[in-house]
Amino acid sequence: MKPAVDTGKHFINGDIACAEGAIAAGCLFFGGYPITPATEVAEHMSERLPHVGGTYIQMEDEIAAMTSILGGAWTGKKTMTATSGPGFSLMMETVGLAIVTETPCVVVNVQRGGPSTGLPTQGAQADMMQAKWGSHGDYEIIALAPSSPQEMFDLTITAFNLSEKYRTPVFIMSDEIVGHMSEKVVIPKKEAIKTISRIQPRGKKNNFHPFKPGPNGVAPMPSIGQGYKVHVTGLTHDEKGYPVMSVDTQAEMMERLLGKIRNNLDDIIMTDQYLLDDADIVIVSYGVSSRTSYTAVDMAREQGIKAGLLRLITVWPFPDRLIKELALRVKGFITVEINMGQISREVERCAGYKAPSYLAGHPGGAVVPPEQVISIMKEAF
């Protein structure tokens, strides 16, 4: 029987690394529904969870899977589900419920080409804007983009930590290529892994306000069975959790939901900057596309072009300020992604009229070759 933290060096694919990261983070409930290319996450969780005191359940569809992890979270457990594009679409209404009820959970999207059934067995980064805008209403979301099986392990732990810290769903926006890619993954000893537990309420259980924010803008979260009287609803609600249909209550609730993310951007946003200090041209990329983007930077440098890479580890919330600062001193941007232009629009928005922005992308099925990036670079600049 393997321990909860399977310390050592492993040669595994990204999906399995993600599952191992979840268990190492303390995930004890997985509600899922099989879908290519995310099924290996569910399969591995189904094998591992029973041996660490956890629960795995296969639901009748993705809507039920997403709903189940919300219920599991309110019992005090760390919870996760995994899916791909079509299932991600079905989950979106319940994602909104997770946001408004401030329910921590992790949702893994191993992306494939779309629309509809699309390319089930081939990679894309086709759901990046859906991650931000897929549910209805105003909200902020946290979405991380791993670029390797090692990061599938590491960032899954990070996702759980952010989810618990800010009482919010967190997305892991992987893709088929990273999900099915096998590489060395180093799992450290349990004591070396930093995990965050949710903030527990203290004091009297009478007159408890379950949605009254603490110092960091996040309310403590009780669990079912602790004796707190909590009303959990998708309706606009006050700090007691009671539905109140008024302009003022909506404004107060939204200020809390948006503020806990927007006021902590420095803690949430992570990037990797490669040869940016003297760069004239900035490649912006994330996930698997960043792997070829590093090569594109090196190729450009060999040809005398001062290129640099801004790799987005956190894609949402978007690093607006950093892009705006870069736009003041560089010739322009090239966004490398496996879609027809999603994050590239965000780069263009932030760069404004200060610097031009171009896309190096395609509809899916393969990585974006570095030669395509170099070609655009030479034509544009």
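Listed values, structure above:
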| quantity | calculated |
| --- | --- |
| Under 5 Å, built H, 5+ apart or other chain: amide partners of Y358 | F333, I334, T335 |
| Candidate values [x] 5, 21, 28, 23, 15, 7, 1, 0; [y] 4, 15, 14, 12, 10, 9, 8, 8, 6, 4, 3, 2, 2, 1, 1, 0; [z] 5, 24, 32, 24, 12, 3, 0, label of the one derived for P(r) over Cα pairs in 10 Å bins from 0, in percent | [z] |
| Cα gyration tensor shape of region 272-380, rounded if a/c is under 1.5, else prolate or oblate by comparing a/b with b/c | rounded |
| I63-H231 pseudo-label distance in nm [points 7 Å out on the Cα-to-Cβ vector] | 2.6 nm |
| Theoretical FRET efficiency, 1/(1+(r/R0)^6), r = Cβ-Cβ of N207 and D272, R0 56 Å, to 0.05 | 0.75 |
| Region 105-243: C-alpha gyration tensor shape, a/c 1.5 cut-off, then a/b vs b/c | oblate |
| Taking the chain and dividing mean pair separation by its residue count, relative contact order in percent (alpha carbons under 8 Å, at least six apart) | 16 percent |
| Backbone HN-Hα couplings from phi across region 57-69 [Karplus 6.51/-1.76/1.60, Hz, Gly and Pro as x] | 9, 9, 8, 6, 6, 6, 4, 5, 4, 5, 5, 5, 6 |
| Gap separating the Cα centres of region 118-191 and region 301-327, nearest whole Å | 20 Å |
| Rh by Kirkwood over Cα pairs, then Stokes-Einstein D for region 3-149 at 0.692 mPa s and 37 °C, µm²/s | 212 µm²/s |
| ³J(HN,Hα) computed for each position of region 18-30 - Karplus, 6.51 cos²θ - 1.76 cosθ + 1.60, integer Hz, glycine/proline x | 4, 4, 5, x, 4, 5, 5, 7, x, 5, 10, 9, 10 |
| Long-range amide H partners of T168 with built H, under 5 Å | C105 |
| FRET efficiency, H51 to S182 (Cβ-Cβ, R0 35 Å, nearest 0.05) | 0.95 |
| Model label zone, T7; criterion: amide N under 18 Å from point 7 Å along Cα-to-beta-carbon; scope region 151-178 | 154 |
| Those lysines that a straight Cα-Cα span of less than 29 Å connects to K212, excepting residues fewer than 8 apart in one chain | K77, K78, K132, K165, K194, K204, K229, K240, K260 |
| Helical contribution to [θ] at 222 nm, DSSP H n ≥ 4, -39,500 (n - 2.57), averaged over the chain, rounded to 500 | -11000 deg cm²/dmol |
| Neighbour-count order for Y353, Y242, Y33, fewest beta carbons within 10 angstrom listed first | Y353, Y242, Y33 |
| Ranked C18, C350, C105, criterion: other C-beta atoms within 10 Å, fewest first | C350, C105, C18 |
| Sites K331 and N263 - FRET efficiency at Förster radius 45 Å, r taken between beta-carbons, to 0.05 | 0.85 |
| Region 1-92: GluC sites (Glu not before Pro) in DSSP coil with no more than 12 other Cβ atoms inside 10 Å | E60 |
| Interchain or long-range residues, amide H under 5 Å from H237's placed H | V244 |
| Overall dimensions of region 298-337 as given by Cα atoms, namely Rg and Dmax in Å | 11.8, 34 |
| Student exercise, the chain dipole from Lys, Arg, Asp, Glu Cβ charges, in Debye to nearest 20 | 1120 debye |
| Cα-projected label distance for Q200 with Q250, points at 7 Å along beta-carbon direction, nm | 3.8 nm |
| Whole-Hz ³J(HN,Hα) from phi, Karplus 6.51 cos²θ - 1.76 cosθ + 1.60, for region 327-342, glycine and proline x | 4, 6, 10, 10, 6, x, 10, 10, 9, 9, 7, 8, 6, 9, x, 10 |
| Prolate/oblate/rounded call for region 194-274, Cα gyration tensor, a/c under 1.5 rounded | oblate |
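Values in this text are rule-based calculations from the coordinates and carry no lab data. Note that the coordinates shown come from a computational prediction; the quantities given were computed from them, not determined experimentally. Every residue, glycine as well, gets a Cβ built from its backbone with ideal geometry; the counts of neighbours run over all protein chains shown.
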